[in-house]
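See below for the structure under consideration.
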Amino acid sequence: MASGRSTGLLMRAVRVSEFGGPAVLKLQSNTPIPNPMENQVLIKVFACGVNPVETYIRSGTYVRKPTLPWTPGNDVAGVVEQVGEYVTKFKKGDRVFTSGTITGGYAEYTVASDDSVYPLPDTLNYKQGAAIGIPYFTAYRALFHKANAKPGESVLVHGASGGVGIATCQIARAFGLKVFGTAGTQDGLGVVQKNGASKTFNHRESGYIDKIKEYTGAQGMNIIIEMMANINLSIDLQLISNHGRVIIVGNRGSIEINPRDTMAKESSIIGMSLFSSTKEDLQESAAALLAGIEAGWLQPLIGREYPLEKVAQAHEDIINSHGATGKMVLTM
């Protein structure tokens, strides 16, 4: 679905006219503000989350390539500016967040389908609202739609201090799993422990795998949520339990594994993509996450913040900086 004609007014928006490095992200001040169609919502954006997947799409290496010119960004939080003719759930002035946009979130205004827009309670600020979408929907899908997690099972979040990692820890703990997490800095380890992990391990320390094995004993982890499969997948197969499941959430290259490591344990390696979710999957995830906001256990942690003018630096840092603690956001 495409948005309707512009309102005739202009806004600042980041535009990508060719695939490439962060330098192809161009902030333009003369982009028309879009007009929402029948089942769409126009949102005045206050904050937008930055996700690694947006860097892959920008570079042209992702399986899904948008039509250019393109504005990145799915996770926005802001205020409803205008609604389409058939929209009844929202009105002008409502505080909202999204799990996807149509015209892109790296902009002062964006259009989203009304079924991907959700109310943002006063208990969360706009930056936190912009940290919910892809991280929390991804974490829920990994745990329940792919790993079929059950209360009482153990889950290792391998790379737990970033946006998806923190979301996974919070959700898993709220649903009764025993949570373990890894991070690469002392600050990261502290953040992971505060957000649901009962035990943390520094994945930059030599011998940390042995420490995990020693702590879990022969049983191993029922579930591993993997943020960097190109580095850790072979390790994960050593740490998983009998009939355990490794869910690949993030990957940046190739890795060699020994399939024999899966055989005796009858373990599973399962890839996932949030973009493959059905409408029913998203509705289930949204219901659980909105309940988490109401109950108070869903508390997004904000990491680095960048003004829209620094979007290229944000894309550089999200891939090349080490030791993430929380969700990266752009502010308008």
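By a straight-distance test (C-alpha under 29 Å), which lysines pair with residue 310 as possible cross-link partners, with residues fewer than eight away in the same chain excluded?
26, 44, 65, 127, 327
Under 20 Å from a label point 7 Å along Cα→Cβ of residue 279: give me every residue in region 14-39 with its amide N that close.
Flagged as within label range: 37-39.
Using 0.36 nm per residue of separation minus the Cα-Cα distance, give me the extension gain between residue 202 and residue 218 in nm, one decimal.
On the way: separation 16, 0.36 × 16 = 5.76 nm, distance 2.07 nm.
Taking residue 202 through residue 218 to full extension adds about 3.7 nm, to one decimal.
Tell me, what is the 1.4 Å probe accessible area of residue 204, in Å² to the nearest 10?
Roughly 130 Å² of residue 204 is accessible to a 1.4 Å probe.
Using each residue's phi in region 98-115, evaluate 6.51 cos²θ - 1.76 cosθ + 1.60 at θ = phi - 60° and report the 3J(HN,Hα) Karplus result to the nearest Hz, with x for Gly and Pro.
Result, ordered by residue: 10, 10, x, 10, 9, 9, x, x, 7, 7, 6, 9, 9, 10, 9, 5, 5, 7 Hz.
Work out the length of the dipole vector of region 261-332 about its Cα centre, built from +1 on the beta-carbon of each Lys and Arg and -1 on the beta-carbon of each Asp and Glu, and round it to the nearest 20 debye.
Details: 5 positive and 10 negative charges, 29 e Å.
Dipole size: approximately 140 debye.
Would you mind checking which residues have amide H under 5 Å from residue 15's amide H? H placed 1.01 Å from N; only 5 or more apart, or other chain.
26, 27, 28
How much accessible area per residue does the chain have, in Å², with a 1.4 Å probe? Before the final figure, lay out each step's value.
Numbers: 14640 Å² over 332 residues.
On a per-residue basis, 44 Å².
In a Gaussian network model over the chain where Cα atoms closer than 10 Å are linked, find which of 77, 264, 314 has the largest mean-square fluctuation.
264
So which lysines can residue 178 reach, going by Cα to Cα under 18 Å and dropping same-chain residues fewer than 8 places off?
By straight Cα distance, residue 178 reaches 146, 150, 194, 199, 211, 213.
Taking a ≥ b ≥ c as the square roots of the Cα gyration tensor eigenvalues, with a/c under 1.5 meaning rounded and otherwise prolate when a/b beats b/c, else oblate, which class fits region 136-229?
On the way: a/c = 1.69, a/b = 1.23, b/c = 1.37.
Taking the square roots of the gyration eigenvalues as a ≥ b ≥ c, region 136-229 is oblate.
If a/c stays under 1.5 just call it rounded; otherwise compare a/b with b/c (prolate if a/b is bigger, oblate if not). Do that for the chain, with a ≥ b ≥ c from the square roots of the Cα gyration tensor eigenvalues. Could you put the intermediate results ahead of the total?
Working: a/c = 2.03, a/b = 1.71, b/c = 1.19.
Note, shape of the chain comes out prolate.
Give me, ordered by chain and number, the residues 5 or more places off residue 162 or on other chains with an amide H under 5 Å from its own placed amide H.
326
Tell me, what % of the accessible area of the chain is carbon and sulfur with a 1.4 angstrom probe?
Accessible surface attributable to carbon and sulfur in the chain totals 49 percent.
The values are calculated or read from the model by the stated rules, or taken from the named source; none is laboratory data. Everything quoted here is computed from the prediction, not taken from an experiment. Methodologically, a virtual Cβ is constructed for each residue, glycine included, from the backbone with ideal geometry; neighbour enumeration extends over all protein chains shown. Ligands, DNA and RNA are stripped out before the accessible areas are found, and what is left, the full protein with its side chains, is counted by its heavy atoms. Shrake-Rupley method; radii C 1.70, N 1.55, O 1.52, S 1.80 Å.
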